Every structure is written in C-alpha cells, then in structure tokens.
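Input: a single structure, listed below in structure tokens.
Please treat every number below as a calculation from the coordinates, not as lab data. The shown structure was predicted, so the numbers you read here are calculated from the model rather than taken from an experiment. Ideal geometry is used to build each Cβ from the backbone, glycine not excepted, and the neighbour counts take in all protein chains shown.
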Amino acid sequence: MTRRRLLAANWKMYKTVGESLAWARELCRQAEAEPWPADRDVVVCPTLPALAGLAQRLTAVHVAVGAQNLDPGREGALTGAVSGYLLREAGARYVLVGHSERRRHFGETDLMVADKVESAIAAGLIPIVCVGETAAERERGDTEAVIHRQVGAVLGQLATPYAALVVAYEPVWAIGSGQAPHPAEANEVAAAVRRDVTEAWGDAGRTLRVLYGGSVNAGNLGAFWAEPDIDGALVGGASLDVRQFLAMARLPG
Ligand code: PGA
C-alpha cells in the first residue's frame with residue numbers, strides 16, 4: 001500500500017495577510033523555477049484572514065490550504081464562529097482539528113474534537129486530527145493510553161470508515177521546544193494509531209496517513225519520513241520561512 005506523503009505547515013497566529021501573500025509569491029516563484037517531486041501533497045494552514053487569498057494564489061503550484069480550526073455545524077446565530085462549510089467555500093481543503101494548543105488554551109475535549117472531525121468531513125474538508133501526550137504523561141508511561149483515548153474518541157464518533165483521514169502525532173513536549181523524539185519512537189506511536197484505526201475500520205487503517213509533528217525542520221524531516229508508519233509531517237516554526245519550507249518540500253524520498 002503506497003500512501004502519498006503529506007507536508008503540512010501550521011502557521012498558528014503568525015503572519016499578516018500581506019506577509020502570507022509575500023510568502024506565497026516567493027514559493028510560487030521558486031516552485032516554478034524548480035518544482036518539488038509530484039509524489040507528495042503540500043498544505044499550508046495560515047491564519048483565517050489570509051486563507052481565501054492564499055488559496056487563490058497557491059492553486060497554481062498545487063499547494064492546498066487548510067484552516068487551523070472549525071466550529072461544528074453549518075450556520076447559525078453563533079457570533080464569531082466559522083463552520084467547515086464556510087472554510088470550504090473560502091478555499092480550504094484541509095482543517096487541523098484538536099491541536100494541543102486548542103486543547104490546552106481553548107478547552108477542547110476529546111468529544112469536542114470528535115464532533116469537529118465529523119462536521120469537517122460532512123463539509124468536504126479533510127481533517128488532520130492532532131493527538132499527543134504531555135511530558136508528564138510520557139514520564140508516567142501513559143503515551144499509548146493517551147493516544148488510544150484521543151484516537152478512540154474520533155473513531156467512536158464516525159459511523160462509517162473515512163479513508164482520507166489524517167492523524168498528526170505531535171508530542172506536546174516536542175512542539176516548539178527544539179526537542180523531537182527519536183524517529184523510531186515516533187514511529188511506534190504512529191504504528192499504534194494505525195493499529196487502532198485498522199481494528200475499527202479495516203482497510204481504511206492502511207490508507208490512513210499519519211504525520212509526525214513537533215520541532216520538525218529541514219534537517220530532521222528525512223529521518224521521520226524514512227520510518228514505515230510515518231507518511232509526512234506537520235511543521236510549525238520551520239514552515240514560516242519559505243526557504244526552509246521549500247527545502248522540506250524538495251526532500252528526496
Ligand atoms: P513546531 O510546531 O514545528 O514549531 O514544533 C508544530 C505544531 O505545533 O504543529
């Protein structure tokens with residue numbers, strides 16, 4: 001089973017609309033001069049105000065745009081909320097769901113995450129479900145139990161298998177810290193995610209793409225990609241710099 005590699009950028013709350021478009025202009029210029037291999041999907045998740053403009057600009061180089069969050073439901077009297085349908089219409093194809101910063105700072109629970117995943121799929125977006133243990137959970141030896149619980153909540157919510165699902169394994173302690181786990185260790189967790197999905201859904205476990213995220217850069221991405229159960233990466237800080245991002249997109253393998 002060959003799964004397409006996926007490289008996704010998470011810009012968090014960085015870059016104005018102007019800065020986002022300047023990044024996109026430079027990416028397009030460089031990609032036209034020297035394209036990256038066609039065997040991979042490249043996705044950028046900018047801030048919400050930049051999403052529609054970036055989606056328009058990046059189609060020329062086959063880069064998809066993703067949102068960083070969505071509100072479940074379609075429309076309604078919900079001041080400040082943005083649904084998957086609105087994001088899809090604005091040009092998003094993917095959406096991050098349950099990033100650890102959303103779980104921690106915005107109180108998102110496993111059930112809320114599962115609900116969002118379901119409504120993302122209903123809106124025609126591909127959810128990238130983020131899971132990962134904290135440093136304390138890791139020290140207690142609870143990593144797999146935490147992942148099992150987080151993935152299980154999503155599997156429990158979806159009535160039918162969804163073959164395009166993407167799960168990003170992001171240890172909370174590795175995000176923005178410069179400390180990534182050993183690739184083989186990350187692969188063990190990725191394999192555990194795949195086992196859970198395969199047990200619940202059969203074949204969809206084999207098409208499931210599992211990303212690694214947390215202090216990924218052009219220097220260490222290759223080692224994660226070389227692992228059999230890791231299909232790509234979710235990159236924060238290093239994706240803000242267009243040259244570093246291009247170096248990752250062009251990585252062989
Ligand atoms: P980082 O962030 O690459 O800056 O560690 C990853 C993420 O939060 O998705």
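If you take the residues of the stretch 226-245 that are surrounded by fewer than 21 Cβ atoms within 10 Å (Cβ to Cβ) and touching a Gly at 6+ places or on another chain (Cβ under 8 Å), which of them is nearest to Leu54 (Cα to Cα)?
Keep residues of the stretch 226-245 that are surrounded by fewer than 21 Cβ atoms within 10 Å (Cβ to Cβ), which gives 226-229, 237-238, 240-244.
Within this subset, residues satisfying the condition of being touching a Gly at 6+ places or on another chain (Cβ under 8 Å) are 226, 237.
On the way: Ala226: 30, Gly237: 18 Å.
Step by step, filter the stretch 226-245, then rank; the result is Gly237.
Select from the stretch 194-253 the residues that are within 16 Å of the ligand (Cβ to nearest atom), among the polar types (S, T, N, Q) and in contact with a helix residue (DSSP H, G or I) (Cβ under 7 Å, 6 or more places away or on another chain) and list them in ascending order.
Scanning the stretch 194-253 gives Ser215, Asn217, Ser239, Gln244.
Mind listing just one residue for me: the one in the stretch 193-203 that is of a type outside the set (Asp, Glu) and buried (at least 18 other Cβ atoms within 10 Å of the Cβ) and, of those, farthest from Ala8 (Cα to Cα)? Before you say what the answer is, go through the steps one by one.
Restricting attention to the stretch 193-203, the residues satisfying the condition of being of a type outside the set (Asp, Glu) are 193-195, 197-198, 200-202.
Remaining after also requiring buried (at least 18 other Cβ atoms within 10 Å of the Cβ): 193-194, 197, 201.
Values: Val193: 19, Arg194: 19, Val197: 21, Trp201: 25 Å.
Only one residue tops the list, namely Trp201.
So Tyr162 fits all but one of (1) within 15 Å of the chain's Cα centre (by Cα); (2) surrounded by 16 or more Cβ atoms within 10 Å (Cβ to Cβ); (3) part of a loop (DSSP other than H, G, I, E, B); what number is the exception?
Exception for Tyr162: condition (1).
Under 8 Å between Cβ atoms, which residue pairs at least 6 apart in sequence (or on different chains) link something in the stretch 229-242 that is under 11 Å from Ala218 (Cα atoms) with a partner that is polar (S, T, N, Q)?
From the stretch 229-242, the pairs are Val235/Asn10; Val235/Asn217; Ala238/Asn217; Ala238/Gln244; Ser239/Asn10.
Give the residues of the stretch 166-182 that are surrounded by fewer than 19 Cβ atoms within 10 Å (Cβ to Cβ) and either within 15 Å of the ligand (Cβ to nearest atom) or closer than 23 Å to Arg40 by Cβ (or both), sorted by residue number. Walk me through how you get there before you give the answer.
Step one: filter the stretch 166-182 for residues surrounded by fewer than 19 Cβ atoms within 10 Å (Cβ to Cβ), giving 176-179, 182.
Scanning the stretch 166-182 gives Gly176, Ser177, Gly178, Gln179.
Kindly indicate the residue of the stretch 1-59 that is in contact (Cβ under 8 Å) with a residue 12 or more places away in the chain and acidic (Asp, Glu) and also surrounded by the most Cβ atoms within 10 Å (Cβ to Cβ) among those meeting that condition.
Taking the candidates together, the pick is Asp41.
Within the stretch 185-200, can you find the residues that are of a type outside the set (Asp, Glu) and either within 21 Å of Thr134 (Cβ to Cβ) or in contact with a Pro (Cβ under 9 Å, 6 or more places away or on another chain) (or both)? Walk me through how you get there before you give the answer.
Step one: filter the stretch 185-200 for residues of a type outside the set (Asp, Glu), giving 186-187, 189-195, 197-198, 200.
Selection gives Ala186, Asn187, Val189, Ala190, Ala191, Ala192, Val193, Val197, Ala200.
Just checking, how many residues over the stretch 84-105 are buried (at least 20 other Cβ atoms within 10 Å of the Cβ), away from the ligand (no atom under 16 Å from the Cβ) and either in contact (Cβ under 8 Å) with a residue 60 or more places away in the chain or of a type in the set (Gly, Ala, Ser) (or both)?
Going through the stretch 84-105 one residue at a time, the tally reaches 2.
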